[in-house]
Amino acid sequence: MRLTIIGTGYVGLVAAVCFAKLGHLVTAVDREPIIQDLRAHKLAIWEPNLQEMLETCLHEDRLSFDTDVVHAAKDADALMIAVGTPTGENGRSDLSQVDNVISQLKLADVICPPFIIMKSTVPVGTCDELEADLHAAGLHTEIVFNPEFLRQGSAINDFMNPDRIVIGCRSHLAKAALQQLYRGIPAPIQVCDRRSAELIKYASNAFLAMKISFANMIADLCEGYGADNRQVMQGVGADRRIGSHFLQAGIGYGGSCFSKDLQSLLSSGKAIGRTLPLLEATAQINEERIPQLVEKLISLWGNPRGKRLAVLGISFKPHTNDMRDAPFLTLLRLCYLYGIEVQTYDPVVQLNTFDNVSQMETAYEAAAGAHAMIIMTEWPQFAELDWVSMVGGMSQPILLDGRNVLSDEVVSRLMAVDNVIYIPVGR
Ligand code: UGA
């Protein structure tokens, strides 16, 4: 198939290289400077295998770039929209980027592709509205909602080996076209109406976020009663009806999806007079994680002003350089407020300058002279560091493990060192 994808962010670019790999001819569209970089094989995002796959697809002429939506849409069998839908006013999704694509198609005097595949996460009812709008403008195309469930850091693998493919559509023709598009991907396909498909995306993310907040809530209980939350979650997750994934307690979830999608779902509820208390609690538990952690630190330090805090890993999760809604940003704001200096180390993120942050070349440099250290992201290499020598270089050996990175063996070696305070957050 000839597929045009609008938007080359995480979802759009990963989809572009993966569909090209599946044998389709893909044109990816974005703004001039972004396309210029992509043509020069320069990626703004760091994602395992993406660079290599991009180069192969370009080399084999299965992927090309364009900056003109209408030009790229003209001869396509399907147009895919994968632009951002960030949080707008009152938690509602800001659909301006989607609307912009639709307006360009409406204004152009060309035949629109028979299908527009919506990959962007949009509130329930959006596809119905957009399609009605296109029909009113004389463009008889069908909008299909086809959500994406990829995780950053394992996006290519998630795309090629998903648990399910969801197709929200009206016609058999659309269903057949999408089945052809995904031929070669070994996953069950669920075909349903568009509104249900739109809700599947939000409900999935909300459920995952809820599992994490649940684990964090129980972790607080464990701390109070001297139980081990890892053991508790292992026992809970072993029940196949519950499942062991997304029960890692710690500093809470970050990233551009969970918070945004929860807010959007809450706002969809509000629009029809429904409160969604489970989701409100999920968001609230998450928002409290970092402030609680800072309080803990301050209670150990007494006066926080002038203290130096080392932070390992600052993106919202490992294997990505994405800083959107990273818990580190909340931590940084609080540190600024309390006059705490921050020294960071991250394997891939290059931070812009902040007043109270120094970015170091190694974890050891970040630890040197610090009055406490927080592990915020579970990069596998952090577990391999020489922790005893690292705490030896600190002014005050307080270690908060926000992602349960350190093994019991490393912890027992650390505990043999004088004065070390080890706090496994969420354990
Ligand atoms: C999430 C979903 O997992 C994807 O299925 C979805 O497609 C994507 O959002 C999206 O809507 O685009 P992502 O945000 O990339 O993917 O990352 P996750 O692996 O879900 O992690 C999100 C956050 O939760 C991270 O900060 C992670 O550290 C945290 N987390 C995850 C926990 O605190 N505990 C866990 O047990 C799991």
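Looking across the stretch 400-412 at every residue that is in contact with a helix residue (DSSP H, G or I) (Cβ under 8 Å, 6 or more places away or on another chain) and surrounded by 15 or more Cβ atoms within 10 Å (Cβ to Cβ), the one that is farthest from residue 312 (Cα to Cα) is identified as 410. Taking the stretch 90-140 as the range and being over 25 Å from the mean Cα position of the chain (by Cα) and touching a residue at least 60 places away in the same chain (Cβ under 8 Å) as the test, the residues that pass are 113, 114, 115, 128.
Restricting 219, 271 to residues that are more than 12 Å from the ligand (Cβ to nearest atom) and at negative phi narrows the list to 271. None of 126, 121, 67, 141 is hydroxyl-bearing (Ser, Thr, Tyr) and modelled with pLDDT under 95 except 141. Of the residues that make up the stretch 203-215, is at least one more than 30 Å from residue 1 (Cα to Cα), touching a residue at least 24 places away in the same chain (Cβ under 8 Å) and over 26 Å from the mean Cα position of the chain (by Cα)? No, the stretch 203-215 contains no residue that is more than 30 Å from residue 1 (Cα to Cα), touching a residue at least 24 places away in the same chain (Cβ under 8 Å) and over 26 Å from the mean Cα position of the chain (by Cα).
Within the stretch 307-321, the set of residues being charged (D, E, K, R) and touching a helix residue (DSSP H, G or I) at 6+ places or on another chain (Cβ under 9 Å) comprises 307 only.
Taking strands (runs of 3 or more DSSP E) as the structural unit, those lying wholly within the stretch 1-87 and holding at least 1 residues that are touching a residue at least 60 places away in the same chain (Cβ under 8 Å) and touching a Lys or Arg at 6+ places or on another chain (Cβ under 9 Å) correspond to 2-6, 78-81. Which of the residues that make up the stretch 233-264 are surrounded by 18 or more Cβ atoms within 10 Å (Cβ to Cβ) and away from the ligand (no atom under 12 Å from the Cβ)? Matches in the stretch 233-264: 263 only. May I ask you to verify whether residue 313 is within 14 Å of the ligand (Cβ to nearest atom), outside the structural domain of residue 121 (by TED's automatic domain parsing), more than 16 Å from residue 203 (Cα to Cα) and out of contact with any Gly (no Cβ under 6 Å at 6 or more places or on another chain)? Judged against the criteria, residue 313 is a match. Here is the figure for the stretch 109-162: residues that are part of a loop (DSSP other than H, G, I, E, B), within 15 Å of the ligand (Cβ to nearest atom) and not β-branched (Val, Ile, Thr) total 14.
The values are calculated or read from the model by the stated rules, or taken from the named source; none is laboratory data. These figures come from a predicted structure and were not determined experimentally. Please note: Cβ atoms are built from the backbone with ideal geometry, for glycine as well, and neighbour counts cover all protein chains shown.
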